[in-house]
Amino acid sequence: MMKWEYCRLSLHGQNPIKAKAVYYRPDGKRAVDVSRELVADDDVRDAAASYMAKMGLEGWELVSASDVIGALEIVFYFKRPIQKTRRRPS
């Protein structure tokens, strides 16, 4: 049976954009501030696309997205198979 790990990526605000990734595994969760890793200058959607490209290279697959109207916030949910040799994100 396939086992999965999940990630919730939240981006909000403008200039600066704040971002947090929360990684969920069967053994617990871990939150990471990823704001410094964003590429775009001031548009939250461009920042999201740039960071999503990076996550895709790391094996993450986008499962769902939600745009909170009026809050300048976008939330993305990703999944990827758990591999025995894969380390938890740092």
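Which entries of 18/84; 54/84; 3/84; 18/79; 54/79 show an alpha-carbon separation above 20 angstrom in the structure shown?
18/84; 54/84; 18/79
Suppose only helical runs count, i.e. DSSP H with n ≥ 4. What mean residue ellipticity at 222 nm does that imply for the chain under -39500 (n - 2.57) per run, divided by all residues and rounded to the nearest 500 deg cm²/dmol? Don't jump to the answer; show the numbers that get you there.
On the way: 1 runs with 14 residues, N = 90.
Rounded to the nearest 500, the figure is -5000 deg cm²/dmol.
Tell me which of 68, 16, 1 sits at the most positive position along the dipole axis of the chain, charges placed on C-beta atoms (Lys, Arg +1; Asp, Glu -1).
Checked the options; the winner is 1.
Going by average Cβ neighbours within 10 Å, how do the peptides 22-31, 8-17 rank, with the highest at the top? Working shown, then result.
On the way: 22-31: 12.3, 8-17: 16.4.
Put in order of decreasing packing, that is 8-17, 22-31.
Tell me the label only: which of [x] 1.19; [y] 1.09; [z] 1.23 is Cα Rg over 2.2 N^0.38 Å as calculated from this structure?
[y]
How much length, in nm to one decimal, is gained on full extension between residue 58 and residue 14, taken as 0.36 nm per residue of separation minus their Cα-Cα distance? Could you put the intermediate results ahead of the total?
Details: separation 44, 0.36 × 44 = 15.84 nm, distance 2.62 nm.
Net length gain for the segment: 13.2 nm.
What do you get for the angle between helix 44-57 and the principal long axis of the chain? Use alpha-carbon atoms, 0 to 90 degrees, nearest ten.
Value to nearest ten degrees: 20.
Taken together, the values in this text are just the output of simple stated rules run on the coordinates, not laboratory data. Just so we're clear, the structure is a prediction, and the values are computed from it rather than from any experiment. Virtual Cβ from ideal backbone geometry, glycine too; neighbours counted across all protein chains shown.
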